[in-house]
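Colleague: Handing you this structure, nothing more for now.
The values are calculated or read from the model by the stated rules, or taken from the named source; none is laboratory data. A quick note: this is a predicted structure, and the numbers were derived from the prediction, not measured. Using ideal geometry, Cβ is built from the backbone for each residue, glycine included, and neighbour counts are taken over all protein chains shown. The area values use the complete protein model at the heavy-atom level, side chains included, leaving out ligands, DNA and RNA. Shrake-Rupley method; radii C 1.70, N 1.55, O 1.52, S 1.80 Å.
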Amino acid sequence: MNETTRSIGIITAPGYPNEIGARLQNELPSLLSYYVKEEIEWKIDYIEDPLIGGGANSKEVLEATQKKKEEQEWDYAVCLTDIPLFIEKRLIVAEANEDKNIALICMPSFGSTLMIRRLRESIMQLVNEMYYGSSDEDRERSAERIESKRSKHKDIDINNPKNLMTSKFFGWLSPLKREAPDDSEGEYMDVRFTVGRRSSISTRLLGGMVRANRPWNMFPAFLKILIIAFATGSYALVFPTLWLLSEHYTIFRMCLLTVFSVLAMTLWIILIHRLWERKRDQGNNYTRKLYNATTFLTLLITICIYYVMLFFLFLVGVFVFIPMGMLDEQLSSDPGLINYFYIAWIAASVSTVIGALGTALEDEDVVLNATYGYRQRQRHEQLKKKEENEEDEDKEKDSFTK
C-alpha cells in the first residue's frame with residue numbers, strides 16, 4: 001500500500017447507481033483530503049457490476065465487494081447497491097469493515113431526496129471509519145482533526161463523527177441508528193447504520209426505490225402508445241361529440257376521467273407485461289408488496305408524464321382543427337378559450353384509455369428492468385451461470401492435471 005496514495009473503488013449496480021459513481025469520481029478526492037487526510041492523494045475508480053446486488057443479505061454483498069476489491073487491487077472498496085437490505089426487520093443503510101477496508105451503502109434507504117449529497121457524505125464517513133477506526137477513541141481522534149479544519153469547508157458541518165450524514169432536518173425526521181456488531185457479525189463488519197424509526201421505513205424505501213427506477217427514463221418505451229393515442233384522439237376532434245361534452249362536463253367529472261384513464265393504463269401495462277410479483281416469484285411477503293408498490297408508482301409517474309405531454313399535444317391540435325365559429329354553432333352557450341382547454345382535456349383522457357387497451361409497449365426490456373423482482377431474478381440467473389462456468393473450468397483444470 002502506497003503511503004501517499006490511496007485507491008477507492010466504487011462498485012455500482014447498472015443504471016442510476018452507475019451514473020452516480022461517475023459523478024462521485026470527480027467530487028470525492030478533494031472532500032476526502034479534507035475529511036480523512038490531506039497528505040494522501042485519493043484516487044477514485046468505479047465499475048459496474050450487475051451481480052453485486054444479487055445477495056439476499058449484507059454479508060453476501062460485503063463478501064462480493066471484498067472479492068472485487070482483491071481483483072482490482074484497490075485499497076478501499078464501497079458498494080452502492082440498489083437492493084433493500086434488512087437485518088431483523090431493520091432497514092440497513094450502510095455497513096463497513098475496517099480490517100478489510102470494505103463497505104456497502106443501500107441506496108434505496110436514503111429515500112428520494114438529496115441522493116447525491118447523502119451518498120457523498122456517507123462515503124466520506126465510511127472511508128473515515130475504515131481509515132481511523134470505529135471505536136469511541138478513534139471517533140474522538142477523527143473529530144479533533146475535523147474541528148481544526150472546520151473553517152475551510154463550512155458547507156460540511158460534521159458535529160458528530162459518529163453520524164453517517166449531516167442533515168439535521170432529515171436526521172430528526174428519519175434518524176439513523178449506529179450499531180456495533182454482535183459476536184456472530186463481528187467477522188464481517190465493524191459498524192452498521194440502520195433506520196431508527198420503523199414507521200418511516202416503508203415511505204423511505206418506496207421513495208428511494210422509485211428514484212432508483214428513474215421513471216422519466218422509461219418514457220421512450222411509451223412513444224408508440226403516444227402516437228396511437230394522439231392519432232386516435234385527433235380523428236375524434238373533428239366530430240362535435242367532444243365539443244358538446246366540454247360544455248356539460250364538470251371539473252369533478254373531468255378529474256375523475258383523468259384518474260380513471262391514468263389508472264387504467266397503469267394497470268393494463270402491469271397485467272399485459274406480467275410485472276406483478278406473485279408469491280411463487282418472491283417468497284418474502286413484505287418484499288413482494290414493496291416491489292409491487294415500487295412498480296406501480298414508477299409506472300404511475302411515467303404515465304402521468306405521458307398524459308401531460310398528450311394533453312399539450314391535443315391543446316395545440318384543438319386550436320388548429322376547430323375554428324371558433326364552428327364551435328359557436330354547436331354549443332348552446334357562448335364558447336371561449338376555456339372550451340378549447342376542456343376539449344383537449346377530454347381528448348387526452350379518452351385517447352389514453354383507447355391507446356392503452358390492446359397495445360403493448362414496444363421496448364418491453366425497459367419496463368421489465370424497472371421492476372426490482374425481474375432485476376433480482378436476472379442477477380440470480382447470471383450468478384448461477386457464472387458459478388456453473390467456474391465449476392466447469394475447475395473440472396477441466398482437474399482433468400488436465402490428471
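Colleague: Name the single residue that is least open to solvent (accessible area, probe 1.4 Å) among those in region 99-136 being closer than 19 Å to residue 31 by Cα and among the aromatic types (Phe, Trp, Tyr).
Modeller: For region 99-136, the residue satisfying everything is 132.
Colleague: Tell me which of these residue 93 doesn't satisfy, since it passes every other one: (1) open to solvent by 30 Å² or more (accessible area, probe 1.4 Å); (2) modelled with pLDDT of 80 or more; (3) within 23 Å of the chain's Cα centre (by Cα).
Modeller: (1)
Colleague: Collect the residues in region 229-259 that are open to solvent by 60 Å² or more (accessible area, probe 1.4 Å), assigned to a helix (DSSP H, G or I) and in contact (Cβ under 8 Å) with a residue 24 or more places away in the chain, keeping them in residue-number order.
Modeller: 230, 244
Colleague: Failed condition for residue 264, given (1) assigned to a helix (DSSP H, G or I); (2) loosely packed, with under 13 Cβ neighbours inside 10 Å, with all others met?
Modeller: (2)
Colleague: Residue check, residue 297 against (1) open to solvent by less than 50 Å² (accessible area, probe 1.4 Å); (2) within 30 Å of residue 90 (Cα to Cα); (3) modelled with pLDDT of 85 or more, all met but one. Which one?
Modeller: Of everything listed in (1) open to solvent by less than 50 Å² (accessible area, probe 1.4 Å); (2) within 30 Å of residue 90 (Cα to Cα); (3) modelled with pLDDT of 85 or more, residue 297 misses just condition (1).
Colleague: Okay, moving on. Within region 61-85, how many residues turn out to be modelled with pLDDT under 85 and open to solvent by 40 Å² or more (accessible area, probe 1.4 Å)?
Modeller: 0
Colleague: Cβ-Cβ under 7 Å, sequence separation 6+ or interchain: first residue in region 267-279 and at negative phi, partner open to solvent by 90 Å² or more (accessible area, probe 1.4 Å) and modelled with pLDDT of 80 or more. Which pairs?
Modeller: From region 267-279, the pairs are 270/276.
Colleague: If you don't mind, there's one more thing I want to ask. Being over 17 Å from residue 258 (Cβ atoms), at pLDDT 65 or above and open to solvent by 20 Å² or more (accessible area, probe 1.4 Å) is the filter here, so list the residues in region 337-364 that pass it.
Modeller: Across region 337-364, the qualifying residue is only 337.
Colleague: Would you check which residues across region 218-241 are within 19 Å of residue 299 (Cβ to Cβ) and in contact with a Ser or Thr (Cβ under 9 Å, 6 or more places away or on another chain) and list them?
Modeller: 218, 219, 221, 222, 224, 225, 228, 229
Colleague: Another one. I want to confirm something. Restricting to region 162-207 and keeping residues that are modelled with pLDDT of 75 or more and aliphatic (A, V, I, L, M), which single residue is most open to solvent (accessible area, probe 1.4 Å)?
Modeller: 180
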